[in-house]
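What follows draws every value from the coordinates through simple rules; no lab data is involved. Keep in mind it's a predicted model, so treat the numbers as computed, not measured. Every residue, glycine among them, receives a Cβ derived from its backbone with ideal geometry; neighbour counts consider all protein chains shown.
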Amino acid sequence: MNSLNNKLTLLVTVLAFGFFACEDSGSNGPAPVEGQMAEDIPANVNTMSEFTASDVQDNPDNKENYTFFDFETGATVSDSLSADWDIAFSGTTILANSGNDGGIQLVETAYDDVDTAPTTGFEASNTSWYTYTGEAPNGPKHAIFPNEDETLIIKTSTGKYAKVRMISYYEGNPDTESDEFENMLTRPASQYFTFEYALQNAESTQLYHEDSFTYYDLETGEMVSDSSSSQWDIGFNATTIIANTKNSGGIQSLNIAYSDVDEAPISSYEESVTDWYLYTGEAPTGPKHAILPKDNLTLVLKTASDIYAKIRIISYYKGNPDTSSEDFINFIRPESRYYTFEYAVQTDGSTSFE
């Protein structure tokens, strides 16, 4: 009888151990966290250049009676056959460098509202950018005024796009409502072009300054174009870093070294952080006017998927340069607004980074 009881006790013990062991096998602690690296993530790198050109004169001594202008340098070009010029002026005719695949067209959209360049419809010249007042009953007679709420779009010889707003056709950009201008005897000389333009330096039709962020998905390691989606986790714009708060995300900075952050906080998350770096300014030693990540500071992120990540910003400059080098100190630096950072994502939804 005792032998039977002992056997039953042993069987129950074995079964119980097996039950608890099986139950525990599904909760052996948080999922392992593996470190990852993101390199040269652009933080809304601005590729637009904006200028105002004043009193570009239609030079009658020019061989072909045109003045040729280069957007990139903001200067006139003497060689009309080259690909170095983008736009040319003669009288009220404006040319594009069509001999080198350039083009021009006028769109009925105000300059500030032109966001994207068309890719078709370009011509060699345009003569409809202005209004001639003739014998106007009111205001100055026989004057040339740029059309309001219209914009010239230029395709350059290098395949880039620019938008142009004509401001004035008269030397010194005079006040066209003044008595001096209305009196044709005191009116400044014509055929002096003043205009503003924005040149897209990248291979893009975008013709506006991008005010949004670069959005990045930590799990896939890829950038995301849809800012309204829940696919992105972290966004960058200059020195501002944001979380996807529209989809329940959040971010905060901890004054703890990255390797020592074992647990993510469960509260105090915010929309953005800007305290992750030091601006050196006129530092007495080392690089001046540089953005350097703070030592022993870690960003903790709650994603739109309710998982947690920790992040250490390594560099704000393209290629992660040595910021203590003589080149960097002497302003021989790569472009800024390129983030390199390491991060670890806890995929099981727990707050543990161990």
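Assorted remarks:
- Largest-first principal axis extents, alpha carbons of region 276-336, Å: 44, 22, 14
- Summed over qualifying helices (DSSP H, 4 residues or more, each -39500 (n - 2.57)) and divided by its residue number, the chain shows a 222 nm mean residue ellipticity of -2500 deg cm²/dmol.
- Separation between Cα centres of region 120-163 and region 174-243, rounded to whole Å: 21 Å
- Computed from backbone phi with θ = phi - 60° and the Karplus coefficients 6.51, -1.76 and 1.60, the 3J(HN,Hα) list for region 294-306 is 6, 6, 6, 10, 10, 8, 10, 10, 9, 8, 5, 8, 6 Hz; x is used for glycine and proline.
- In order along region 240-250, the Karplus-derived 3J(HN,Hα) couplings, from 6.51 cos²θ - 1.76 cosθ + 1.60 at θ = phi - 60°, round to 9, 10, 10, 10, 7, 5, 5, 10, 6, x, x Hz, and Gly and Pro are given as x.
- √(5λ) per eigenvalue of the Cα gyration tensor, region 103-164, largest first, Å: 27, 13, 8
- Between amide H atoms placed 1.01 Å from N, distances below 5 Å from I167 occur with T194, F195, E196, all of them 5 or more places distant or on a separate chain.
- Cα gyration tensor shape of region 48-200, rounded if a/c is under 1.5, else prolate or oblate by comparing a/b with b/c: prolate
- Over 26 Å apart at the Cα level, from the set K294/K318; K246/K318; K288/K318, are K246/K318.
- Whole-Hz ³J(HN,Hα) from phi, Karplus 6.51 cos²θ - 1.76 cosθ + 1.60, for region 186-202, glycine and proline x: 10, 6, x, 4, 8, 6, 10, 8, 10, 7, 10, 8, 10, 10, 8, 7, 9
- To the nearest ten degrees, helix 2-25 and the longest principal axis of the Cα atoms of the chain are 10 degrees apart.
- Modelled this way, with points 7 Å down the Cα-to-C-beta line, the labels at L278 and A189 are 5.7 nm from one another.
- Kirkwood-based Rg to Rh ratio, region 224-349, C-alpha trace: 1.01
- Hits among aspartates and glutamates - C-alpha to C-alpha of K302 under 15 Å, sequence gap 8 or more where chains match: D217, E219, D233, D262, E263, E270, E271, D348
- Fewest-first ranking of E50, E263, using other Cβ atoms within 10 Å as the exposure measure: E50, E263
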